[in-house]
1. When you look at residue 374, is it part of a strand (DSSP E or B) and modelled with pLDDT of 95 or more, yes or no?
2. From (1) surrounded by fewer than 20 Cβ atoms within 10 Å (Cβ to Cβ); (2) more than 30 Å from residue 324 (Cα to Cα); (3) polar (S, T, N, Q); (4) modelled with pLDDT of 80 or more, pick out the condition that doesn't hold for residue 205.
3. May I ask you to list the residues in segment 339-384 that are surrounded by 15 or more Cβ atoms within 10 Å (Cβ to Cβ), basic (Lys, Arg) and more than 27 Å from the chain's Cα centre (by Cα)?
4. Residues being at pLDDT below 90, part of a loop (DSSP other than H, G, I, E, B) and either over 11 Å from residue 154 (Cβ atoms) or within 27 Å of the chain's Cα centre (by Cα) (or both): count how many of those fall in segment 35-63.
5. Counting only residues that are modelled with pLDDT of 95 or more and in a helix (DSSP H, G or I), which one in segment 90-115 is nearest to residue 79 (Cα to Cα)?
6. For segment 228-310, give me every one of the strands (runs of 3 or more DSSP E) that falls completely inside it and has 3 or more residues that are surrounded by 14 or more Cβ atoms within 10 Å (Cβ to Cβ) and of a type in the set (Gly, Ala, Ser).
7. Kindly list the number of the only condition in (1) at pLDDT 85 or above; (2) over 19 Å from residue 346 (Cβ atoms); (3) under 13 Å from the mean Cα position of the chain (by Cα) that fails for residue 250.
8. Which of the residues spanning segment 334-359 are assigned to a helix (DSSP H, G or I) and either without any contact (Cβ under 8 Å) to a residue 40 or more places away in the chain or among the polar types (S, T, N, Q) (or both)?
Amino acid sequence: MNKWVWLLFLIFILSGCAAKSELDEIAIVLGMGVDITNDNKTEVTVQVANPRSSPNVVSGGSGDGSSPVFTFSAKGDSVTDAINRVKNVVPRELFFSHINVMMLGEKYARKEGVSEIFSYVERDQELRSQFPLFVIKDSTGKEALTVVTPLDQFPTKAILDIVELSSGYIGVKKTVRINDLINWEGEEDRTPIILGLEVMAKDKNKNTGALQDIEAYAFKLDSMGVFKNGKFLKWLNEETATGWLFMNDYVEERTLHTVECEGGTFGIMLKGVSSDINTDVKNNQLLIDITIQGTSSLVSSSCKADIASPEGINELEQTLRKIVEQEVKKAVYETVELKTNYNGLAARFHRQHPDKWKKWKKNWYEHIEDSTLHIKSELTIETPGMRYNSAKTQR
């Protein structure tokens, strides 16, 4: 009996990993773009890390002068077909477990939508579903992946940094992950909303030292795209996009909000912003109560208000609150016009009133249009910064 136990033990420890892949046999995929061509083919572009490129700490490029990444593209009848054709082009096995971003060209998003992408991500055993998905405004995923970024050797990391570090003008401070989008698409009370990126070309600058041979490009975080029935519908304007961020707790510390006031403008750095949304039904009418809370710091001001006094600070707070309340209001009522539940309000009502949702879901937008909406902003200004009134006010 003992010899059989030892035999099984030896088979187990000597068998090794049947599905192993050596490092010199794989190509680590950092990003993937999906587009539609003029002949209605699906084109997939993958960006892979150059294993022979050593980072140059000073310039952010590669130490041996070679590109830190390579891109490969192929066309097919579907996403999976195009990916398989890319595999025939790359001289190594594609390794998707470290993918940072996926990007859809706007044309593909409008015509084909996200259903096939979501199906592929859910079914593929190698892909993680924690990476963000972007729509490339007026361009393609392929172009975005072939951009040379001057401050980071990996363009896909530069894209993530735009969201997580600089936030863009709409103020989002975290990415919308593809697993969240898949969950929203699969629910009857919510539809996906995806961050938009715009590729911004810059002229060559001959006076930038190490960057003199680089045609510098940059990405701009540009609004948010609403989807309906799985396909791209429209871009939200700045007010509505910001309202969505407030409603869904996507506004975090260091988000700059510029507000007009008497005599000029003032800049606010928001911190710890959160929302509390409750729904109710009274006399068969929908009641919506939204509260936005948080603190802020004054970072600039050319207003006439006396910031050194409590009254002056209160005046700026009231102005800020009215702006935020208007933005949230636009995000609520635009669902009626678009007939799509992108703002998450229907999902909240479904959770809070499941029985009523079954009766109301067919004419949900009529109930929103006839609803009583109460929005209360409780944003406060904690500090005026390192000085009180502006030099313009003191003169």
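The values are calculated or read from the model by the stated rules, or taken from the named source; none is laboratory data. Just so you know, these numbers come straight off a predicted model, no measurement behind them. Glycine also receives a Cβ, built like all others from the backbone with ideal geometry; neighbour counts cover every protein chain displayed.
1. Details: part of a strand (DSSP E or B): yes; modelled with pLDDT of 95 or more: yes.
In short, yes.
2. In the conditions (1) surrounded by fewer than 20 Cβ atoms within 10 Å (Cβ to Cβ); (2) more than 30 Å from residue 324 (Cα to Cα); (3) polar (S, T, N, Q); (4) modelled with pLDDT of 80 or more, residue 205 misses (4) alone.
3. 356, 361
4. Filtering segment 35-63 down to residues at pLDDT below 90 leaves 49-63.
Keeping just the survivors that are part of a loop (DSSP other than H, G, I, E, B) gives 50-54, 56-61, 63.
Still in the list and also either over 11 Å from residue 154 (Cβ atoms) or within 27 Å of the chain's Cα centre (by Cα) (or both): 50-52, 54, 56-61, 63.
Going through segment 35-63 one residue at a time, the tally reaches 11.
5. That would be 108.
6. Values: elements: 231-235, 255-261, 264-282, 285-301.
Correct list: 264-282, 285-301.
7. Failed condition: (2).
8. From segment 334-359, those assigned to a helix (DSSP H, G or I) are 334-338, 345-352, 354-359; that's our starting set.
Scanning segment 334-359 gives 335, 336, 337, 351, 352, 354, 355, 358, 359.
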